[in-house]
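The values are calculated or read from the model by the stated rules, or taken from the named source; none is laboratory data. Quick caveat, the model's predicted, so the values are computed rather than measured. Using ideal geometry, Cβ is built from the backbone for each residue, glycine included, and neighbour counts are taken over all protein chains shown. The accessibility values were calculated without ligands, DNA or RNA, using every heavy atom of the protein model including side chains. Shrake-Rupley method; radii C 1.70, N 1.55, O 1.52, S 1.80 Å.
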Amino acid sequence: QGQLVESGGGLVQAGGSLRLSCAASGIIFRISTLGWYRQAPGKERELVGTITNGGILDYADSVKGRFTISRDNAKNTVYLQMNSLKPEDTAVYYCNARSAMWTYWGQGTQVIVSS
């Protein structure tokens, strides 16, 4: 059974930075496509970005140029570096790992950006 655990959320002022981490266990990490999603209060969960097992990146337009996803297969960890944060980035951030046969979600980590 796969498990994903996010960390690194918190309170930050607008213009600041945070780095989220997501540690995976119980899955074949290196074959997984990894993603970060977020859900703001009263809104649906939305995609932030993904990184494939080949390292191909894709980002939502709202975070392009500000957020960077990376992965360390040796540590079974995926990261989300968030720079130039805005109040509208406030949300619970979730990581996701999927393959052709399964998908797993983390429990989420709260990010609050104050103006």
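Things to note:
- Result for the chain in a Gaussian network model with C-alpha springs under 10 Å: among ILE56, ILE27, ILE69, the largest mean-square fluctuation is at ILE56.
- Element breakdown for the chain at a 1.4 angstrom probe: carbon and sulfur atoms account for 49% of the accessible area.
- Peptides 59-67, 79-87, 46-54 ranked from most to least packed give 79-87, 46-54, 59-67, packing being the mean of other C-beta atoms within 10 angstrom over each peptide's residues.
- Taking all Cα-Cα distances within the chain, those exceeding 16 Å account for 55%.
- Distance between the 7 Å Cα→Cβ label points at LYS86 and GLN1: 4.0 nm.
- Projected area averaged over orientations for the range 51-107, convex hull of C-alpha atoms, nm²: 4.8 nm²
- Förster-model FRET efficiency, 25 Å R0, GLN107 and ILE56, C-beta, rounded to 0.05: 0.40
- Student exercise, the chain dipole from Lys, Arg, Asp, Glu Cβ charges, in Debye to nearest 20: 180 debye
- Rounded accessible area per residue of the range 9-115, 1.4 Å, Å²: 52 Å²
- A simple spin-label model places the labels of GLN13 and LYS43 2.4 nm from each other, with each point 7 Å out along Cα-to-Cβ.
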